[in-house]
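All of the numbers you see were taken from the coordinates with simple rules; none came from a lab. Computed from a prediction, not measured in an experiment: that's the story for all the values here. As a convention, Cβ positions derive from the backbone with ideal geometry for all residues, glycine included, and neighbour counts pool all protein chains shown.
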């Protein structure tokens, strides 16, 4: 029996993005199992988590592995027992691939913390390919409000930014700080502005400051320009631990800094009295739940959210990762994997 093949970018050995560690080649098209769907990938967003996996900040959990977890496509085939989707449905696949459904976290609406969770593009193959399989319960039906290229960044950058906003405790009408302004932040600012928040953006990139201003930022600058005690809450999107002290110093009493990345460089020593006292807090953001994704996708259609994306062909996945690493992107990078 002939085995169908697909084009894919495969990671076998972790290395710096400058070394172009992804290998382009032919792989077998996966077969959907029970209650799984086979998705023909139209495009897949590039996430900073992908860069952490490729470069070794996150230890490989599967090797070789096909990265990618911001996937937009259509259902090509369904496995036995599928009930939610039919062939031809337009769908999205995100970071959370599956959970045990039985642990204390799954039982308390915190499935993002499940110790047995699987993650698309890390513990199972992801979307830097022409096809991917996923459990239908972890696949999202997509509206037609945005095209494929501009929907892809919503599926992780958007979802994790939305969760970070929630965990920061920001309330409508309050003043929010964003430290770093890339693929996730340029979506989160639109949610925050929808809530009526005054948003202050701190980033080294002049092009990202311009984008932030165009999206409604009240103030833009670098981290050193954040005024002490000016913010009700803050989110750090850049994977830079050195941003934690200035973000804390900019908080009002009782405020929270949410850390939106899966990896962070070391946090410098903190001055307890000046930076943490008065019930200021630091909150990490781990993964996201399916409810987070469904809520963000509904908001994206209602606001509506507009994403900024630059397209790369699949065989330029290494170049796209390097462009992200070196700050040569405004907004998100998205791989075009074919239709």
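Couple of notes before you dig in:
- Measuring nothing but how far apart in sequence close Cα pairs (under 8 Å, 6+ apart) lie, relative to its length, segment 158-284 scores a relative contact order of 25 percent.
- Degrees separating the helix 290-302 axis from the principal Cα axis of the chain, which is the longest one: 80
- Length added when fully stretched, residue 326-residue 306, from 0.36 nm per residue minus Cα-Cα: 4.8 nm
- All C-alpha pair distances within the chain, sorted into 20 Å bins from zero, spread as 33, 57, 10, 0 percent across the bins.
- Dividing the helix sum by the residues of the chain, where each DSSP H run of 4 or more adds -39500 (n - 2.57), gives a mean residue ellipticity at 222 nm of -6000 deg cm²/dmol.
- Cα long-axis angle, helix 157-168 against the chain (0 to 90 degrees, to the nearest 10): 40
- Segment residue 252-residue 123, length gained on full extension (0.36 nm per residue, minus Cα span): 42.5 nm
- Label-point separation in nm, residue 204 to residue 86, each point 7 Å along Cα→Cβ: 5.3
- Förster radius 45 Å - calculated FRET efficiency between residue 277 and residue 23, Cβ distance, rounded to 0.05: 0.30
- Distance between the modelled labels on residue 15 and residue 171, one decimal in nanometres: 5.3 nm (7 Å Cα→Cβ projection).
- Length gained on full extension, residue 319 to residue 295, computed as 0.36 nm times the residue gap minus the Cα-Cα distance: 5.4 nm.
- The label-point distance for residue 267 and residue 31, in a model that sets each label 7 Å from Cα toward Cβ, rounds to 4.8 nm.
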